[in-house]
1. Which value, in Å² rounded to 10, gives the accessible area of Arg213 with a 1.4 Å probe and all protein chains present?
2. To the nearest 20 debye, what charge dipole does the chain have about its Cα centre, counting +1 at the Cβ of each Lys and Arg and -1 at the Cβ of each Asp and Glu?
3. Treat the stretch 48-122 as a sphere of radius equal to its Kirkwood radius over Cα pairs and apply Stokes-Einstein at 37 °C in a medium of 0.692 mPa s; give the translational diffusion coefficient in µm²/s, rounded to a whole number.
4. Where in the chain lies the longest segment free of chymotrypsin sites (Phe, Trp or Tyr not before Pro) that are both loop residues by DSSP (not H, G, I, E, B) and have at most 14 other Cβ atoms within 10 Å?
5. Name the long-range amide H neighbours of Ile186: under 5 Å, sequence gap of 5 or more, or other chain; modelled H, no Pro or chain starts.
6. Share of Cα-Cα pairs in the stretch 365-508 beyond 18 Å, in percent?
7. Along Cα→Cβ, 7 Å out, is where each label goes; now give me the distance between the ones at Glu566 and Asn516 in nm to one decimal.
8. Can you give the Rg to Rh ratio of the stretch 213-334, both from alpha-carbon atoms, with Rh computed by the Kirkwood formula?
Amino acid sequence: MKQVRQQHLRKPVTPDLLVSPSSQDGDLGSECPEDRGNWTGRLDFLLSCIGYCVGLGNVWRFPYRAYTNGGGAFLVPYFIMLAICGIPIFFMELSLGQFSSLGPLAVWKISPLFKGVGMGTILIVSLVAIYYNMIIAYVLFYLFASLTSDLPWQHCGNWWNTDLCLDHHVIKAGNNTLPINISNTISPSEEYWSRYVLHIQGSSGIGNPGRIRWNLCLCLLLSWTIVYLCILKGVKSSGKVVYFTATFPYLILVMLLIRGVTLEGAWKGIRFYLTPQFDHLLSSKVWIEAALQIFYSLGVGFGGLLTFASYNTFHQNIYRDTFIVTLGNAITSILAGFAIFSVLGYMSQELGVPVHQVAKAGPGLAFVVYPQAMTMLPLSPFWSFLFFFMLLTLGLDSQFAFMETIVTAVTDEFPYYLRPKKASFSAVICIALFLMGLILTTEGGMYWLVLLDDYSAGFGLMVVVITTCLVVTRVYGMKRFCRDIHMMLGFKPGPYFRACWMVLSPATMMALLVYNIVKYQPSEYGSYRFPTWAEVLGILMGVLSCLMIPMGMVVAVLQEEGTLWERVQQASRPAMDWGPSLEENRTGMYVASLAGSQSPKPLMVHMRKYGGITSYENTAIEVDREMEEEDEEESM
């Protein structure tokens, strides 16, 4: 790579101004695979990122994490971790994707020795996509169940209810006369979820999943069909769908928030949610929980951000977009907490129990507690439909990103064969993941879903993110990476980003990894404890994504020549064709590194296209001058 750059600097080439634009453009497009495409609208990328980051976790994880870790005081470590860990890694992923216009596998042309990181990412995303779409299937099930005059989980007396079932109408009547002991009772919504939707009583555990629940199977099929139709034409179709799926949840969230704060007892729940307990800040657990919330909420490491950015134009202002998305995601989480806890406060007052007895996280909140609260409201089917429709749109956006990541990664590896058949390839992927997800539709499917949720994107994902950060800053080089961003955006990242990339972000991620290993707890679902073989299987899921990294190293080293150390050095350097995908954007060391390119054609293409030297060409000239000065210093 250095020899190519020196040849470009020492051997000036006379611009071929006499060649006609049409003939030059013909050369540029010769022997190239089908164009991978770009976003078709100005807001496609921004809304896709917002839809990807603002997901189910904002509604069912952040509020619960906040109230269990100091209430309003939790916002202090939350925003500190957002600044140290969230924003810098978010910007790094967007920069890698936009600069190279490559997916999570092909982007490792930056250092082929670490291509296993990309393979680990695809494995993680595939596992997450399997169970995430099952959650969307549950949402669809409840959405259809809400299309009735009386919600089916409103009362006891159904065939799936037991003698322990006790609905809130009886509890409310008891509060007005004689106290009722509800400690050994079960709500109708909980029995509807466990005994009707899951039919979990038909399974004795993860090793005996039971029969397929065909209503859930059909919902899962519908969910995959919706996802496929939306990604059928890649970002050209999903980029239009997000105009609705990324914005409509905010309308519903505001409606639920307004309805929630006007309920009697709402402020009781909000006080419980936000009352600051600053003594919690002295606990390391609170800071770790804040970092985990940031890490998973922004979706770094899953490849979705990198994939979306790879479809941008080369000079898209991702610096601005980074702050819009990350801060918007944080504000959305806080607003969702108000909407959730205002209703929980009303529910606790109706039942005559403390708020902490009705507050739950995860599926317990979405499919048990909140549906029960909906039955206490007038027009309960309407509010239930709105709530689950909001969850549907939140989930679909994230699932679009997961699928686009998988499809883009593989098609970028085999562009000549798969890009012309991208729709068919997407169908094959959807069908394969649907078939693998059928185990989740059985009576014991929830046990498998919990196992996937606990292990598929645990320590393996953290190892992927830490490795990416270290490779970009140490192996590729911080100076070179900042120069690439300068070429792309017109300015270099400031000391804040460089300090985070070099020290703060990887150190925080390593602390998270160590904490997760030290504080490891076996998976459980309610009172059910997973057997040892299931725990081992879960750990292997995480370990396998980590093993992809050394496996990729072995393959990369075997493809080189020379001694072992020479092979490692050669494999760690960027590939010859690493850099901007369009020749018009390749300057300095990236000129003439594409097959068939002729220096200095990029500048000539820009002059024909834009009618003169633009600010970005001035930046390119500055970058070339900097590299020439560095070469002179090295040669002295």
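The values are calculated or read from the model by the stated rules, or taken from the named source; none is laboratory data. If you're wondering where the values come from, they're calculated on a predicted model, not measured in any experiment. Quick reminder, even Gly has a Cβ in these numbers, built from the backbone with ideal geometry, and neighbours come from all protein chains shown. Keep in mind that these areas ignore ligands, DNA and RNA; they rest on the heavy atoms of the full protein, side chains included. Shrake-Rupley method; radii C 1.70, N 1.55, O 1.52, S 1.80 Å.
1. Arg213 exposes around 40 Å² with every protein chain in place.
2. The dipole of the chain has a size of about 600 debye.
3. D, rounded to a whole number, is 221 µm²/s.
4. Looking at the chain, 160-490 is the longest stretch - no exposed chymotrypsin sites (Phe, Trp or Tyr not before Pro) with at most 14 other Cβ atoms within 10 Å.
5. Cys165, Leu166
6. Looking at the stretch 365-508, the distances longer than 18 Å represent 76 percent of pairs.
7. Between Glu566 and Asn516, the simple spin-label model gives 4.0 nm.
8. Radius of gyration over Kirkwood radius for the stretch 213-334 works out to 1.05.
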